[in-house]
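Presented below is the structure to which this report refers.
The values are calculated or read from the model by the stated rules, or taken from the named source; none is laboratory data. On a predicted model such as this, the values are computed, not experimentally measured, just so you know. Note: ideal-geometry Cβ built from the backbone for every residue, glycine included; neighbour counts use all protein chains shown.
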Amino acid sequence: MNDIFEGLTQAARLVVTLDADLAEITLRSLQVTVTATLIASAIGLPLGAWIAVNRFRLRRIVIVVLNALMGLPPVVVGLVVYVILSRSGPLGVLGLLFTPTAMIIAQVIIITPIIASISHQAIRELWADYHDLLISLHATRRQRIATLLWDGRRALMTASLAGFGRAIGEVGAIMIVGGNIDHATRVLTTAIALETGKGDFGLALALGFVLIALAIAVNLALHVLSGTERGSRW
Amino acid sequence: MTFKTAIAAISALWLATAAGAEELKMAVTTSFANSGLAEILLPEIEKDTGITVELLVVGTGQALKLGEAGDVDAVLVHSKAAEEEFVAAGHATHRREIMYNDFVVVGPAADPAGVKAATAATEAFAGIAAAQAPFVSRGDDSGTHKAELKLWKAAGIEPAGDWYKAVGQGMGAALNTAAGMDAYILSDRASWLNFENKANLGLLFEGDKALFNQYAYLPVNPEKHAHVKADAAKALEDWLTSDKAKGMIEGYKIGDQQLFHFNAEAM
Amino acid sequence: MVSPILPLTLENVELRRQGKRVLGPVSYTLDGEGITIVMGPNGAGKTSFLRCMHGLERLSRGRMQWQGDEDRIRARQAFVFQTPILMRRSVLDCIAYPLILDGLSRREARKAAEREAEIVGLKVTLNAPANVLSGGERQKLALARALIRAPEVLFLDEPCANLDLHSTAEIERVLAGARDRGTRIVMSTHNVGQARRLADDILFLSDGRLIETGSRDVFFAGPGTPEARAHINGDLLP
């Protein structure tokens with residue numbers, strides 16, 4: 001109880017004083033996760049829509065696999081990305097290990113299935129509504145997917161936000177591929193792990209509260225910007 | 001509109017974090033990083049040499065692995081046998097001793113195994129085993145773990161049983177576990193002094209020569225990995241063995257206690 | 001002028017769903033000009049018949065043939081569903097949508113949609129979301145959307161089923177106008193009065209089969225089958 005109170009007051013103090021280290025790792029958390037979410041959305045949203053709209057032989061299996069991949073263990077993803085990006089690995093020449101780029105790659109792998117799966121659900125319902133109309137209007141495959149993505153954008157934003165939420169709080173993979181290097185790859189979650197390791201629960205909790213506040217702030221900002229829940233708009 | 005704003009915000013995020021100076025990646029042990037010494041040294045290194053040292057904080061085992069794979073430019077660890085093997089295999093050009101600190105035996109203040117009265121580290125360990133008192137081992141192939149295993153061996157004990165808990169984690173996490181279980185643990189002095197969640201634990205045994213912990217610097221061999229920054233690694237080595245480094249290392253104290261003893265020899 | 005994608009010929013077309021026959025075998029040729037009204041009791045296969053012709057159903061048996069290449073055929077016909085399918089867009093964007101698919105700019109498409117909304121008499125806030133419209137307004141939206149590509153053949157599935165007299169009259173006025181501009185119209189209805197007002201000829205379906213075809217006057221003068229006779233007299237069949 002004491003620790004939690006101390007954590008809250010410390011969080012408040014860090015935020016109020018605009019602590020430089022805190023600002024840096026918070027910004028990096030955002031940078032890595034926002035980038036990863038954008039990339040994963042660019043892949044996952046059309047993929048989800050494509051699976052919803054097309055009938056192909058392995059469709060059922062693809063959906064099952066996608067749903068299963070939602071539970072992909074981050075540590076394993078981290079390890080695989082690590083081995084691939086290591087200097088002695090297949091993509092070692094790129095020199096990406098222990099950089100924010102490596103962290104983005106790991107997060108993209110973790111959250112793309114989540115975004116694809118949730119958007120598939122959302123698009124499938126919309127497709128059921130639109131099916132006859134789009135067929136009747138002779139929309140091309142690409143036009144169908146574009147229409148469904150656009151008209152389903154609120155639901156898809158939820159899918160992206162779910163991915164964002166998973167990525168911003170993720171520690172297992174980015175610890176491994178990022179290395180938690182101070183001033184280079186340290187982000188909120190890895191800093192929390194570090195401070196917990198040092199037994200400094202107060203600071204760890206403070207960072208934790210900042211992380212939660214950040215996640216809420218991003219969600220709020222997006223909802224305000226996109227004007228959801230406002231009147232009768234979609 | 002919204003879209004453009006988002007793009008602008010994201011580009012700002014990226015620009016804000018672009019860096020300039022030359023970077024050198026060095027794998028160091030948890031115990032070194034947890035000591036807090038790095039935070040004192042790194043800014044000075046950057047000021048004097050222009051090199052930004054990026055620390056990868058891992059166990060000795062993984063640190064050497066990183067050097068072997070060429071994922072770091074230099075390694076600073078404390079496990080002499082493993083280091084010499086590393087150099088022999090050609091992964092590093094040479095091994096340079098920098099400084100040492102020491103391990104301490106930490107345990108419950110009540111001291112059920114009578115460690116406080118021991119005259120040697122092996123005796124302390126024998127006492128713990130005899131009392132079957134809970135003992136937390138790093139169990140992560142780190143330098144500290146290796147030092148611990150060496151002590152068990154010297155005491156003629158094969159540590160096993162319910163009382164021996166190998167946690168497979170870093171020093172801080174292992175100390176947290178020991179604090180939670182009221183267990184004995186071998187820790188480097190710096191990690192122990194910096195540890196903030198001491199609970200019922202206390203420092204019970206220290207000072208035996210067998211507990212000394214030598215840190216050595218290993219620059220990764222550029223013949224094996226052409227991309228490593230050998231020049232920067234050399235500059236860092238020169239700095240770490242300089243008089244200025246000596247002053248800062250010897251002068252680093254936590255609660256009046258000197259943690260590290262500089263012992264690099266001129267080459 | 002008869003549309004170049006006509007005649008449409010159906011040869012022994014049969015449609016089965018989960019092993020159950022819902023339509024056919026039907027043989028029919030759609031040609032000429034004017035309005036063809038499809039009548040018949042519930043479950044007779046009117047909707048399936050229209051959907052088949054428009055290409056929304058995969059035929060279980062038989063052949064169907066339009067004239068010309070696939071893209072041309074598809075772009076020159078339109079379909080109005082019994083329950084209008086609204087998109088999650090504004091009224092104007094819903095109507096403009098087919099033109100957007102055709103590659104027009106949003107501006108041009110919306111301009112055309114405004115004109116079309118006026119033609120069908122859709123007097124609502126065009127920038128409001130489509131789902132605030134009433135039943136009659138929704139059907140007008142669907143009609144405007146169907147007409148915006150100036151289709152040569154237009155299918156309508158009971159477009160006035162749930163509408164009041166006023167809305168029905170307005171839709172009939174629009175359909176008559178479209179016919180006069182040369183659109184070939186095929187429409188199903190339960191409303192005998194509407195059939196009398198609009199039809200140039202009548203198709204009567206019963207149990208998935210086309211049991212009677214003929215011009216309006218001949219059909220209403222004396223239907224040849226007891227089913228059709230009962231239907232237009234408003235009798236309840238045993």
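When B:229, B:153, B:209, B:146 are checked against the criterion of being among the basic types (Lys, Arg) and within 14 Å of chain A (Cβ to nearest Cβ), a single residue qualifies: B:229.
Pick from C:68, C:43: which is surrounded by fewer than 16 Cβ atoms within 10 Å (Cβ to Cβ) and touching a Gly at 6+ places or on another chain (Cβ under 9 Å)?
On the way: C:68 fails: touching a Gly at 6+ places or on another chain (Cβ under 9 Å).
Of the residues listed, the single one that is surrounded by fewer than 16 Cβ atoms within 10 Å (Cβ to Cβ) and touching a Gly at 6+ places or on another chain (Cβ under 9 Å) is C:43.
Among the residues in region B:119-141, are any within 25 Å of residue B:206 (Cα to Cα), surrounded by fewer than 17 Cβ atoms within 10 Å (Cβ to Cβ) and among the basic types (Lys, Arg)? Checking region B:119-141: not a single residue is within 25 Å of residue B:206 (Cα to Cα), surrounded by fewer than 17 Cβ atoms within 10 Å (Cβ to Cβ) and among the basic types (Lys, Arg).
Hey, among B:133, B:124, which residue is in contact (Cβ under 8 Å) with a residue 60 or more places away in the chain and more than 14 Å from chain A (Cβ to nearest Cβ)?
B:124
When region A:109-162 is limited to residues that are of a type in the set (Lys, Arg) and surrounded by 16 or more Cβ atoms within 10 Å (Cβ to Cβ), the one that is farthest from residue A:76 (Cα to Cα) turns out to be A:144.
Is it fair to say residue B:216 is crowded, with 21+ Cβ neighbours inside 10 Å, modelled with pLDDT of 90 or more and either part of a loop (DSSP other than H, G, I, E, B) or over 18 Å from the mean Cα position of the chain (by Cα) (or both)? No; evaluated as a whole, the condition is false for this residue.
Across region C:179-213, the number of residues qualifying as over 18 Å from residue C:41 (Cβ atoms) and in a strand (DSSP E or B) comes to 4. Restricted to region C:112-159, and to residues there that are under 15 Å from residue C:181 (Cβ atoms), of a type in the set (A, V, I, L, M, F, W, C) and surrounded by fewer than 19 Cβ atoms within 10 Å (Cβ to Cβ), the residue that is farthest from the chain's Cα centre (by Cα) is C:119.
The selection criterion, being at pLDDT below 90 and either under 17 Å from the mean Cα position of the chain (by Cα) or surrounded by 23 or more Cβ atoms within 10 Å (Cβ to Cβ) (or both), holds for residue A:194.
With respect to residue B:231, is the statement that it is farther than 22 Å from residue B:103 by Cα and either in contact with an Asp or Glu (Cβ under 7 Å, 6 or more places away or on another chain) or outside the structural domain of residue B:206 (by TED's automatic domain parsing) (or both) true?
Values: farther than 22 Å from residue B:103 by Cα: yes; either in contact with an Asp or Glu (Cβ under 7 Å, 6 or more places away or on another chain) or outside the structural domain of residue B:206 (by TED's automatic domain parsing) (or both): yes.
Yes: the conditions hold for residue B:231.
Could you pull out the residue among B:190, B:210, B:179, B:233 that is in a helix (DSSP H, G or I), touching a Leu at 6+ places or on another chain (Cβ under 7 Å) and surrounded by fewer than 19 Cβ atoms within 10 Å (Cβ to Cβ)?
B:210
When each of A:196, A:158 is tested for being of a type in the set (Ser, Thr, Tyr) and facing chain B (nearest Cβ under 9 Å), the lone residue that passes is A:196. State yes or no: is residue A:173 crowded, with 24+ Cβ neighbours inside 10 Å and either among the acidic types (Asp, Glu) or touching a Pro at 6+ places or on another chain (Cβ under 6 Å) (or both)? Yes: the conditions hold for residue A:173.
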